[in-house]
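No lab work stands behind these numbers, since they all come straight from the coordinates. What you see is a predicted model; the values in this text were computed from it and never measured. In this analysis, Cβ positions are derived from the backbone assuming ideal geometry, glycine residues included, and neighbour counts consider all displayed protein chains.
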Amino acid sequence: MSKITKLLALALALTAAATTQAGAQDAKLKACFIYVGPTGDIGWSYAHDQGRKAAEKALPWLETQYVESVPEGQALPVIDRLAKNGCQVIFTTSFGYMDDTLAAAKKYPNIIFAHNAGFKRNANMATYMADFYQVYYLNGLAAGALSKSGKVGFVGTYPIPELKRHLSAFALGVKAANPKASVNVKWINSWFDPAKTREASEALLSEGADVLTSAEDSATGVQTAGAKNIPTFSHYNPMLKFSPSNVVSGHIVHWDKIYIDFLTKVHNGTYTTKNLANVDYWWLLSKGAVEMGADMNMPFTVKFAAQLKAAKMMVGGKSVSVYDRITALNAQMKKGESFDPFTGPVKDRNGVLRVPAGKTMSIGDLNNMSWVAPGVVGQVADEPKK
Amino acid sequence: MIRFVPIADPPRGRVIWVTLAALVFALVVAGLIFLAAGTNPFEAYSAMLQGTVSDWSGWSEVLRRGTPLLLIGIGLTLAFRAQFFNIGAEGQLLLGAIAAGGIALFTPLPPLVMLPAMFVGGALAGGLWALIAAFLKTRLRVNEILTTLMLNYVATYLLIYLINGPWKGKNVRGFIYSDDFPDFAQLPTLPGTQVGWPTLLLGVLLAVGLQWFLGRSTGGYELRVAGENPEAARYAGISVSSVLFKMAMVTGGAAGLAGVGEVAGIHHKLLEPSQISSGYGFTAVIVAWLARGNPLLCLITAPLMGIILAGGDVLKINLNLPFRITDVFSGVILMSLIASEIFVKNRVKWGK
């Protein structure tokens, strides 16, 4: 009896030793991702998942796991499970996970967290964002030039700083190309809701909008515009295939640029659980984290490129084609040169000066932006009076 | 040919084995769905069990899901006994959350009485919400299935209005939620979990208390008679409407308590309705149905549904099954249970 027990114990010990050794040999860095929508949303979460896959491909020492459709009020229990599964780096990819991520960062001091689109950080919690405001300005120029009715529709998700900055940059672009035009906005108070997006899109169209862009995570805005045969824009991801003859250009993200950079720095020891309190990725056109285009490497579709070449706008007293203006500014911002959509003087839509002449907005200002630019029509929550 | 021969008074043993058979049937069907999704069903079920009942952190998730299900489920068993088909627990839960939020954020109550006041307020609000449907049923003969269901939407939009308007938090930057509750308006939880133990305790006490009420008290007797045979109840001098009103306060009140537990124990603020209720009001219908009208049995059936919900998360996280899998899973179970009713009340005969 005791012999058998000893034998068993020995066998167990041996297997345990063998497995720990095997574990030590292929020790990979495990990064885990929490998505707010389904990976099949074709927009935000899909783009994050593409970034995850690209990072896994590029970094042989990386192992990943993801969880989709995690409600914003319930991130903490999911993080608990991921921590148990041995995740060493956890990316939480929605603004609404902010407080849960911070709580988790304090609960798990040995795990590195990176929160997307928020502003709270910790020794082991960084923030990151690939922001579109420059691209929205460029697309605004195109939208303004293409609108005949002078009304451009914008489906907004939540009236938070991120959306206000995108909406305002877009409106500034629309106004620059077409001073008489306005941007009509409707809010759906959801990140992912195809039914509400369709309703809001159709309401905007029936108000006379003849160009449409949607900030919701699915391709519904593009599809609705396609059904009504009006110009529209890809959002977060190439959506050309959903309305091939209606997509003008769009805003496309490359999360992999950030993921690969961040994870590489974790792997080589640059980032630890002690030094992330000031790590904030704010990556724009110059870092290649975002791109203006209907599809990857396709700034404009052929049909609309021709129309934009024919459209003229005034720049510094001279008449130039909208196409040339967009192309020039895109090239400038990619190189990181001085042009910025929010270069002062910029007033808000109530006439209050928000950016003084010659100044631009700091990252902090952009992340706290509560006002909206002139040309925006429609109710906007939390707008400052003065 | 298959014929169904009605059984006048189905014996308890039959109820049990038919219910168990229905559960097994549902597990087999769900297993086929896992198979279709490319996952070995045995692997899926063992992952579910390992992630839920094999250790304390798993159990804490089961309890987090099971606590609101228990409270709502208990209330629903009472309603179903009275033949009052309350499918408005979602809305009653939200009203409980609203009342708790209003008290936590805007009343100057001292810390010691804050949480009790939130529970009392939440129960009253949930109860009154159900009372609307009971009143419409007894006075105007409006079907309560419709009114309770529709009142869910009213509650949803009431909450959205509040957190998007007068109750909107000061530093929420365009998002729609309220400020955080003060510390003393947040429920103590079991260490390292999101399980508010006072809510859980309330659930257990209510289950025992209401079981006693139904089986041993005059009020319970009146409720059962009023439910099973309103004519006889009237003949016996029982005021059916007054019985229904009391029942509505209890069924709605229990759901209201669950709402208080969710906002005071987990979220610590008011936020979007769907994130507070998480569908518990509907899932609890299965809890009550499985318990066959016995509040005490909810102590088993609520954790059972808790295992399914928490297990669904495990499937999503560890096996990357699509996020709808939990809905499909609980849907299959409910359908199978409801369909099994015919085998409880009838004997199957083959041939002529």
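Identify, among B:T39, A:N368, A:W282, the residue whose Cα sits farthest towards the positive end of the charge dipole of the protein assembly as shown, taking +1 on the Cβ of Lys and Arg and -1 on the Cβ of Asp and Glu, with the dipole about the Cα centre. Farthest towards the positive pole: B:T39. According to the calculation over all Cα-Cα pairs in the protein assembly as shown, the P(r) per 10 Å bin from zero is 3, 13, 20, 22, 18, 13, 7, 3, 1, 0 %. Placing unit charges on the Cβ atoms of the charged side chains and taking the dipole of region B:66-298 about its Cα centre, the candidate lying farthest along the positive direction among B:V113, B:L140, B:Y280 is B:L140. Isolated cysteines of the protein assembly as shown, defined as having no other cysteine beta carbon under 4.7 Å away, are B:C298. Take each peptide in A:284-291, B:301-308, B:180-187, count the other Cβ atoms within 10 Å of every residue, and average; sorted highest first, the result is B:301-308, A:284-291, B:180-187.
For chain A, treating each Cα as an identical point scatterer without solvent, what Debye log10 I(q)/I(0) comes out at q = 0.07, 0.12, 0.15 1/Å? Those come out to -0.35, -0.91, -1.33, one per q. Across peptide A:152-162, the average count of Cβ atoms from other chains found within 10 Å of a residue's Cβ is 2. I'd like the FRET efficiency for A:K107 and B:Y161, computed as 1/(1 + (r/R0)^6) with the beta carbon distance as r and R0 of 45 Å, rounded to 0.05. Approximately 0.85, to the nearest 0.05.
Residue pairs exceeding 24 angstrom between C-alpha atoms, taken from A:K274/A:K334; A:K151/A:K309; B:K137/B:K246; A:K148/A:K186; A:K120/A:K335: A:K274/A:K334; A:K120/A:K335. Pull out a ≥ b ≥ c, the square roots of the eigenvalues of the alpha-carbon gyration tensor of region B:66-298, then state rounded if a/c is under 1.5, prolate if not and a/b is larger than b/c, and oblate in the remaining case. It comes out prolate by the Cα gyration axes. Here the protein assembly as shown is treated with +1 on each Lys and Arg Cβ and -1 on each Asp and Glu Cβ, and its dipole about the Cα centre works out to around 520 debye. Counts of other chain beta carbons within 10 angstrom of each beta carbon in peptide A:80-88 average 3.
An oblate overall shape is assigned to region B:21-61, the ratio a/c of its alpha-carbon gyration tensor axes (a ≥ b ≥ c) being 1.5 or greater and a/b not exceeding b/c. In this structure, the pairs whose alpha-carbon distance is over 27 Å, taken from A:K107/A:K164; A:K180/A:K303; A:K57/A:K106; A:K53/A:K228, are A:K107/A:K164; A:K57/A:K106; A:K53/A:K228. Across the options B:N294, B:A310, B:M247, the greatest Cα extent toward the positive end of the charge dipole of region B:216-352 (unit charges at beta carbon of Lys, Arg, Asp, Glu) belongs to B:N294. Entry for region B:11-105 at q = 0.14, 0.17, 0.19, 0.23 Å⁻¹: log10 I(q)/I(0) = -0.89, -1.09, -1.13, -1.14, Debye formula applied to identical alpha-carbon scatterers, no solvent contribution. Per residue of peptide A:70-77, the mean number of Cβ atoms on other chains within 10 Å of the residue Cβ is 6. Under a Gaussian network description of chain A, with springs only between Cα atoms under 10 Å, the residue in A:A126, A:A306, A:A75 that fluctuates furthest is A:A306.
When Rg and the Kirkwood radius Rh are both evaluated on Cα atoms of region A:240-386, their ratio Rg/Rh stands at 1.02. The packing ranking of peptides B:7-14, A:343-350, A:78-85, A:272-279, highest mean first, is A:78-85, A:343-350, A:272-279, B:7-14, where packing means the average number of other beta carbon atoms within 10 angstrom of each residue.
Just check region B:44-198 against the gyration tensor rule for me: Cα atoms, a ≥ b ≥ c as the square roots of the eigenvalues, rounded for a/c under 1.5, and otherwise prolate or oblate depending on whether a/b exceeds b/c. Because a/c hits 1.5 or more and a/b fails to exceed b/c, region B:44-198 counts as oblate.
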